[in-house]
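Have a look at the structure below before the remarks.
The values are calculated or read from the model by the stated rules, or taken from the named source; none is laboratory data. Predicted model, so just to flag it, every value in this text is computed and none were measured. For neighbour counting, all protein chains shown are included, and Cβ atoms are generated from backbone atoms with ideal geometry for every residue, glycine included. Just the protein is used for accessible areas: all its heavy atoms, side chains included, with ligands, DNA and RNA removed. Shrake-Rupley method; radii C 1.70, N 1.55, O 1.52, S 1.80 Å.
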Amino acid sequence: RLVIATTEGGYPEPTIIRLRTSDDGGETFSPPTTVAQGAISPFGSPEVVVNQPRVATSTDGGVIAVLYLEDICDPVFGCGDPVAVVLSVSENGGQTFSRVGTIAETYFDFSHDLSLQKDGKVIFMVTGTSGMSIFRRAVSM
């Protein structure tokens, strides 16, 4: 099963992370499912920006974990540090997602990734100039 997560939209529209799946090697894709959505303030500036999704799936494709960035923006100072690293999980093949929560906050010069283990644990990593943190969170399979 092929799974793709993309960031769509952007100022003046809110950013949206959407997921699509393919069971025929990418010939066709499912309709998009929303994983997370940003927000625009009443003043027209970005209020919450979501982007940079990373995806991991169980071997049968039933469990899909998405790790992404969420930036809460200030109307005066704009977007920036710190940025939340957020985990959302689908246990029905990507039809719906539940936000597990913020697993880390980080600053510029970092990267993030994840994997889904056979025992149902999501392993995610956030690296930065101050070092590397490895987190584990159980997800039922």
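Using a 1.4 angstrom probe on the protein heavy atoms only, line up Cys73, Cys79 by accessible area, largest first. Please report the intermediate quantities before stating the final value.
Working: Cys73 15, Cys79 70 Å².
Ranked list, largest accessible area first: Cys79, Cys73.
Grab the Cα-Cα distance for Gln117 and Asp24, subtract it from 0.36 nm times how many residues apart they are, and report the gain in nm with one decimal.
Details: separation 93, 0.36 × 93 = 33.48 nm, distance 2.39 nm.
Value of the extension gain: 31.1 nm.
Given axes a ≥ b ≥ c from the Cα gyration tensor, I'd like to know whether segment 58-106 is rounded (a/c under 1.5), prolate (a/b larger than b/c) or oblate.
Prolate shape, in that a/c is at least 1.5 and a/b is the bigger ratio.
Obtain the nm distance between the two label points defined at Ser41 and Phe77 by a simple spin-label model: each point lies 7 Å from its Cα along the Cα-to-C-beta direction.
Output for this residue pair reads 1.2 nm.
For Thr6 and Thr102, what does the FRET efficiency come to when R0 = 22 Å and r is the distance between their Cβ atoms, rounded to the nearest 0.05? All intermediate terms of the calculation are to be shown ahead of the outcome.
Values: r = 22 Å, r/R0 = 0.98.
Here the calculated transfer efficiency is 0.55.
Decide, for segment 1-104, between rounded, prolate and oblate: order the square roots of the alpha carbon gyration tensor eigenvalues as a ≥ b ≥ c, take rounded if a/c falls under 1.5, and otherwise choose prolate if a/b is larger than b/c, else oblate.
prolate
Please turn the phi angles of segment 14-22 into ³J(HN,Hα) values with the Karplus equation 6.51 cos²θ - 1.76 cosθ + 1.60 (θ = phi - 60°), one per residue in order, whole Hz, x for glycine and proline.
Rounded to whole hertz, the list is x, 6, 9, 9, 10, 10, 10, 10, 9.
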